[in-house]
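The values are calculated or read from the model by the stated rules, or taken from the named source; none is laboratory data. Just so it is clear, the structure is predicted and the values come from calculations on it, not from any experiment. Here Cβ is always computed from backbone atoms with ideal geometry, including for glycine, and neighbour counts include all displayed protein chains.
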Amino acid sequence: MRVGANQETLSEVYYHPIGAAIRWAGLWRFRQEIAKALASHHSWQLPETLNCPRCAELRLHICRIYDAIFHGELPYGKNGITMNDKSLWDSPDLTVRHVDLKRWMLDHYPSQRPAFLFSRCERIAHPVISMEAAHALLVERETLKTQLEQCGRQLLALQEQQKKQGQSPSACTFCPLSDRAEATYLHIIGAMLTLMLGRSPAGTQYSSFNSQEAITSALIAHHGHLMGITERTLQGKFAQARRKLQSAVS
């Protein structure tokens, strides 16, 4: 594990296999504890007593990289210079080049796109989605669409009810919701925003929206004639909903 890596992506020209596995598992902040455990264990295999989050995932990544080296699938060398010398397998100078590691991962683990190997554009522009994942995304999309349509119908029903009671829609602004009702609506809005902009455990997006601004533009394009569907109002409500949801889960 070398010093001086870019703190945003942790990308370097070459890596020690352990350092690459730590980056792959997203455990860079625990690198010192992991290094100490390996040093005392005198082996590249993690000790069973290691107290580290996602330890099983890290152990799997380490085994995968060394397995690829042992079977000639992943070129290796010393201090960034490619060599075919088996005596390096247990050496602290053993390294794998960035380009070789990236090529190997594309060939053998195409669904894995860790940030230290792949740029943000690469991770977004070329997602690898299985048929099962694609089907799940379509189901979730239809569910979200149904929920949005249901919310629209409920809003129209409330407006009609207000008209029958002699209230204009604008009069509602002078009838504040109860704290409980407002919190409920904000939680729903915040949760839907988080879901629509979120990703599955495999890293695939739940919806086609890449940003909150995109959702705002779509709402205005389709429902801009409705009360409250304006850029200023939506941005304010979205921000309020995010804060409310964050305070509820923290």
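Report every pair of residues separated by at least 6 positions or lying on different chains whose Cβ atoms are under 6 Å apart, first residue within segment 228-250 and in the same structural domain as residue 188 (by TED's automatic domain parsing), second exposed (fewer than 15 other Cβ atoms within 10 Å of the Cβ).
As it stands, the answer is 229/223, since those pairs meet every condition given.
Please enumerate the residues belonging to segment 186-215 that are without any contact (Cβ under 8 Å) to a residue 60 or more places away in the chain, assigned to a loop (DSSP other than H, G, I, E, B) and crowded, with 16+ Cβ neighbours inside 10 Å.
Matches in segment 186-215: 197, 209.
Matching residues to (1) of a type outside the set (Val, Ile, Thr); (2) out of contact with any Pro (no Cβ under 8 Å at 6 or more places or on another chain):
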site: 195; (1), (2): yes, yes
site: 198; (1), (2): yes, yes
site: 205; (1), (2): yes, no
site: 218; (1), (2): yes, yes
site: 229; (1), (2): no, yes
site: 233; (1), (2): no, yes
site: 238; (1), (2): yes, yes
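Kindly indicate whether residue 43 is assigned to a loop (DSSP other than H, G, I, E, B) and either modelled with pLDDT under 90 or not aromatic (Phe, Trp, Tyr) (or both). Give the derivation first.
Numbers: assigned to a loop (DSSP other than H, G, I, E, B): yes; either modelled with pLDDT under 90 or not aromatic (Phe, Trp, Tyr) (or both): yes.
Taking the combined requirement at face value, the residue satisfies it.
So that you can scan it fast, the table gives a plain yes or no per residue for (1) assigned to a loop (DSSP other than H, G, I, E, B); (2) under 19 Å from residue 106 (Cα atoms); (3) under 29 Å from the mean Cα position of the chain (by Cα); (4) at pLDDT 90 or above:
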position: 6; (1), (2), (3), (4): yes, no, yes, no
position: 20; (1), (2), (3), (4): no, yes, yes, yes
position: 51; (1), (2), (3), (4): yes, no, yes, no
position: 64; (1), (2), (3), (4): no, yes, yes, yes
position: 67; (1), (2), (3), (4): no, yes, yes, yes
position: 72; (1), (2), (3), (4): yes, yes, no, yes
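Mind listing whichever residues of segment 80-91 are exposed (fewer than 12 other Cβ atoms within 10 Å of the Cβ) and in contact (Cβ under 8 Å) with a residue 40 or more places away in the chain?
Within segment 80-91, just 90 meets the criteria.
What number of residues within segment 216-250 are polar (S, T, N, Q) and assigned to a loop (DSSP other than H, G, I, E, B)?
Start the filter on segment 216-250 by keeping residues that are polar (S, T, N, Q), which leaves 216-217, 230, 233, 235, 240, 246-247, 250.
Then drop every residue that is not assigned to a loop (DSSP other than H, G, I, E, B), which leaves 230, 250.
Of the residues in that region, 2 qualify.
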